[in-house]
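Chemist: The structure that follows is given in the form of structure tokens.
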Amino acid sequence: MSESISNESANLSAGGRSSVRSGRILLVLFLLSLPLVNPIVHGDGVGYYAYARAPLIQHNLRFEEDWRHANLYFSQARTLANGQLNPSEYTETGYVSNVFTIGPAILWTPFLLAAHAFVLCADVLGAHIPANGFSTPYILAMALGTAIYGFLGLLFSYSLTRKYVEERWAFLSTLAIWGGSSLPVYMYFNPAWSHAHSVFAVALFLWYWDRTRDRRTFLQWILLGLLAGLMVDVYFPNGVFLVLPLIESILAYRNSWKEKNLRPAGLLFAANISFTVALVLAFLPTLATRSIIFGGFFRFGSYTAAPWDWTAPYWSVVLFSSEHGLLSWTPILALAILGLFFAPRHARSLTRYLAVAAAAYYYVISSYPFWNGMASFGNRFFISLTPIFIFGLALLLQRFAQLFRSPRRAFAVAAALIFLLVAWNTGLIFQWGSHLIPARGPVSFSEVLHNQIFVVPRQLSADLQRYLFKRKALMRQIEDRDILQLEKKPSRP
């Protein structure tokens with residue numbers, strides 16, 4: 001008996017040391033990746049960043065300066081020759097129609113406050129840095145904040161996964177999705193967009209929901225509601241994950257009814273009310289901005305005006321289209337989805353919950369008329385599912401390891417496969433970012449394959465040096481290529 005307890009304690013201790021070691025490796029890799037952070041506000045990022053800059057610098061929600069300071073294509077499409085904004089950019093309340101979410105701005109706030117304090121102090125000492133929210137310290141703080149939130153999302157995903165899967169597979173899966181999905185583009189290259197923040201908010205919500213799932217106290221329900229509100233503030237489709245506490249509560253009510261014991265149901269109902277109130281409180285920043293800008297708490301601009309089709313007509317192209325199909329562009333995610341079918345007994349309950357959430361999210365995107373994400377690497381909408389992809393891939397890797405007698409050999413083979421998929425994704429990101437293939441619309445996979453073999457190896461090293469040391473010139477060149485491609489083939493509205 002004592003020997004059994006001693007062995008179990010030794011295993012737990014070894015597992016803890018292994019987890020700490022893996023966490024340190026992830027941190028070192030993240031720190032080494034920081035030179036890839038691209039301090040730029042571009043495209044949709046203009047709208048997200050405006051919600052942070054305008055209140056900080058101007059103390060209002062007037063976004064005219066953000067629209068004028070935007071990248072060339074964004075500003076040219078929205079301003080007149082005299083520099084004034086096109087009248088169509090304004091809502092009936094007289095504000096610029098900023099349809100993007102405020103959640104990223106909330107998360108950026110600590111970083112931008114620090115940058116603003118630095119600029120003001122530096123200017124007192126004679127530095128003459130513009131304290132306008134557009135100068136380098138602000139944009140760099142924003143970009144670093146995005147990378148940090150993306151990394152924290154990976155850590156929460158890893159922590160959730162290793163609770164149910166062997167640590168080595170949780171670790172390898174985290175590395176694989178970090179490098180083999182669309183996440184790197186929006187964690188480093190386009191940091192002003194909301195997707196890395198979504199990874200953080202969703203992963204934190206899932207981690208805390210699962211951590212408190214067995215016995216959640218009243219206060220924990222309130223905290224879960226606050227996390228849920230932040231998650232939806234960051235990205236509206238993340239509201240799909242509210243289905244998890246809903247299903248959990250419905251099952252608990254059913255069990256209470258079957259046992260004819262209504263006291264637990266009454267306590268749960270009070271907890272659900274507290275959860276809902278906390279969620280609404282956390283969602284108030286979004287409601288307030290919608291009211292000010294669009295004239296109503298539940299008016300969301302073009303999102304509600306879009307012709308949604310709830311028969312989900314895009315269910316197949318979302319996955320397989322050459323126009324940013326989820327699996328055709330990021331094939332590693334096919335393995336992650338497959339892994340959800342190989343859950344061990346102790347992980348089946350969580351796997352079912354996550355599978356339902358992923359299916360519901362897939363249904364929502366399949367009903368959206370702009371399912372392709374337009375200017376998107378892969379299908380960027382699904383980056384919110386990163387925690388589920390990490391979990392699913394870890395399940396598959398653990399099952400795959402059972403085919404080998406040696407765990408080390410299994411790990412080596414799996415790592416080699418992951419390396420190939422990450423290398424492929426890296427090449428594809430390079431092609432997309434440098435506009436060797438169109439950023440919008442379908443691509444030719446024969447051209448993609450040719451570029452991967454013959455063009456990427458030749459150009460990647462030189463362009464990486466330019467990205468690290470002559471980034472502004474490279475970004476201008478990429479912007480010019482983008483405008484040229486748009487002139488040849490205009491994007492859809």
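The values are calculated or read from the model by the stated rules, or taken from the named source; none is laboratory data. Everything numeric in this text was worked out from a predicted model, so none of it was measured. Here the Cβ positions follow ideal geometry from the backbone for every residue, glycine too, while neighbour counts run over all protein chains shown. The area values use the complete protein model at the heavy-atom level, side chains included, leaving out ligands, DNA and RNA. Shrake-Rupley method; radii C 1.70, N 1.55, O 1.52, S 1.80 Å.
Chemist: Identify all residues within region 63-100 that are open to solvent by less than 30 Å² (accessible area, probe 1.4 Å) and within 25 Å of the chain's Cα centre (by Cα); write none if there are none.
Modeler: PHE63, ASP66, TRP67, ALA70, ASN71, PHE74, ASN98, VAL99, PHE100
Chemist: Exactly one condition in (1) more than 26 Å from ARG440 (Cβ to Cβ); (2) crowded, with 19+ Cβ neighbours inside 10 Å; (3) modelled with pLDDT under 95 is false for PHE297; which is it?
Modeler: Of everything listed in (1) more than 26 Å from ARG440 (Cβ to Cβ); (2) crowded, with 19+ Cβ neighbours inside 10 Å; (3) modelled with pLDDT under 95, PHE297 misses just condition (2).
Chemist: Restricting the search to region 444-483, which residues are closer than 27 Å to LEU34 by Cβ, open to solvent by 50 Å² or more (accessible area, probe 1.4 Å) and touching a residue at least 60 places away in the same chain (Cβ under 8 Å)?
Modeler: The answer is LEU468, and nothing else.
Chemist: Among (1) buried (at least 19 other Cβ atoms within 10 Å of the Cβ); (2) modelled with pLDDT under 95; (3) among the small types (Gly, Ala, Ser), there is one condition GLY441 misses while meeting the rest; what is its number?
Modeler: Checking GLY441 against (1) buried (at least 19 other Cβ atoms within 10 Å of the Cβ); (2) modelled with pLDDT under 95; (3) among the small types (Gly, Ala, Ser), the one that fails is (1).
Chemist: I need a count of the residues in region 300-314 that are surrounded by 11 or more Cβ atoms within 10 Å (Cβ to Cβ), out of contact with any Pro (no Cβ under 8 Å at 6 or more places or on another chain) and not hydroxyl-bearing (Ser, Thr, Tyr).
Modeler: Number satisfying all stated conditions: 4.
Chemist: Of everything in region 91-107, what is of a type outside the set (Asp, Glu) and either farther than 28 Å from PHE298 by Cα or part of a loop (DSSP other than H, G, I, E, B) (or both)? Give them in sequence order.
Modeler: THR91, THR93, GLY94, TYR95, SER97, ASN98, VAL99, PHE100, THR101, ILE102
Chemist: Given PRO130, PRO110, which one is surrounded by fewer than 22 Cβ atoms within 10 Å (Cβ to Cβ) and not in a helix (DSSP H, G or I)?
Modeler: PRO130
Chemist: Here's a follow-up. Quick one: how many residues across region 404-437 are at pLDDT below 95, surrounded by 19 or more Cβ atoms within 10 Å (Cβ to Cβ) and either charged (D, E, K, R) or farther than 28 Å from ASN190 by Cβ (or both)?
Modeler: 0
Chemist: Hey, another quick one. Looking at (1) at pLDDT below 95; (2) under 27 Å from PHE298 (Cβ atoms); (3) in contact with a helix residue (DSSP H, G or I) (Cβ under 8 Å, 6 or more places away or on another chain), which is the one condition that is false for SER88?
Modeler: (3)
Chemist: Give the number of residues within region 335-348 that are without any contact (Cβ under 8 Å) to a residue 12 or more places away in the chain and either surrounded by 14 or more Cβ atoms within 10 Å (Cβ to Cβ) or aromatic (Phe, Trp, Tyr) (or both).
Modeler: Number of matching residues: 1.
Chemist: Going by the conditions given, is ALA401 in contact with an Asp or Glu (Cβ under 9 Å, 6 or more places away or on another chain), open to solvent by less than 40 Å² (accessible area, probe 1.4 Å) and aliphatic (A, V, I, L, M)?
Modeler: Yes, satisfied.
Chemist: May I ask you to say which residue of LEU338, LEU319, LEU350 is in a helix (DSSP H, G or I), at pLDDT 95 or above and touching an Asp or Glu at 6+ places or on another chain (Cβ under 8 Å)?
Modeler: LEU350
Chemist: Of all residues in region 283-309, how many are part of a loop (DSSP other than H, G, I, E, B), in contact (Cβ under 8 Å) with a residue 24 or more places away in the chain and over 24 Å from the mean Cα position of the chain (by Cα)?
Modeler: 3
Chemist: Any residue in region 37-50 that is over 27 Å from the mean Cα position of the chain (by Cα), farther than 30 Å from LEU172 by Cβ and open to solvent by less than 40 Å² (accessible area, probe 1.4 Å)?
Modeler: no
Chemist: Taking the stated definitions as given, is GLU259 touching a residue at least 24 places away in the same chain (Cβ under 8 Å) and charged (D, E, K, R)?
Modeler: Answer is no for this residue.
Chemist: If you take the residues in region 357-387 that are among the hydroxyl-bearing types (Ser, Thr, Tyr) and in a loop (DSSP other than H, G, I, E, B), which one is most open to solvent (accessible area, probe 1.4 Å)?
Modeler: Of everything passing the filter in region 357-387, TYR368 is most open to solvent (accessible area, probe 1.4 Å).
Chemist: Could you count how many residues in region 379-399 are among the polar types (S, T, N, Q) and within 17 Å of VAL356 (Cα to Cα)?
Modeler: 2
Chemist: When region 113-127 is examined, which residues are found to be open to solvent by 70 Å² or more (accessible area, probe 1.4 Å) and of a type in the set (A, V, I, L, M)?
Modeler: LEU113, LEU120, VAL124, LEU125
Chemist: Only residues that are closer than 15 Å to SER181 by Cβ and either of a type in the set (A, V, I, L, M, F, W, C) or in contact with a helix residue (DSSP H, G or I) (Cβ under 7 Å, 6 or more places away or on another chain) (or both): list them for region 308-330, please.
Modeler: Selection gives LEU319, GLY325, LEU326, LEU327, SER328, TRP329, THR330.
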